[in-house]
Amino acid sequence: MSQRTTSETCPKCGEAAAVTWSGADAFGSAGPVREDAVGINCPNRCQFTTGELGGHFPKKLNG
């Protein structure tokens, strides 16, 4: 598993927020084959469940 953070727009308040993605690595792959949003750090402290995060920030498939 790997993690990275991106800057995204918070879907509740519209402010810039840091979204943490967790990547599922595959044997022989140089990077994660799938990334799922697992957390958000919004300056206005907006809260989301894991299901809500997945709805607002769909998983990313690499390769």
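Annotations
- Selected residue (criterion: most open to solvent (accessible area, probe 1.4 Å)) from residues of the range 31-47 that are under 21 Å from Glu15 (Cβ atoms) and touching a strand residue (DSSP E or B) at 6+ places or on another chain (Cβ under 6 Å): Asn41
- Verdict on Ala37 being touching a Cys at 6+ places or on another chain (Cβ under 7 Å), of a type outside the set (D, E, K, R), at pLDDT 90 or above and outside any loop (DSSP other than H, G, I, E, B): no
- Note on the range 13-22: residues that are surrounded by 16 or more Cβ atoms within 10 Å (Cβ to Cβ) and more than 9 Å from the chain's Cα centre (by Cα) amount to 1.
- Selection within the range 48-57: residues that are in contact (Cβ under 8 Å) with a residue 12 or more places away in the chain and of a type outside the set (A, V, I, L, M, F, W, C). The member of this set that is least open to solvent (accessible area, probe 1.4 Å) is Gly54.
The values are calculated or read from the model by the stated rules, or taken from the named source; none is laboratory data. Because the structure is predicted, anything quoted here is derived from the model rather than measured. Using ideal geometry, Cβ is built from the backbone for each residue, glycine included, and neighbour counts are taken over all protein chains shown. The protein model used for the area step is the full one, side chains on, heavy atoms only, and it has no ligands, DNA or RNA in it. Shrake-Rupley method; radii C 1.70, N 1.55, O 1.52, S 1.80 Å.
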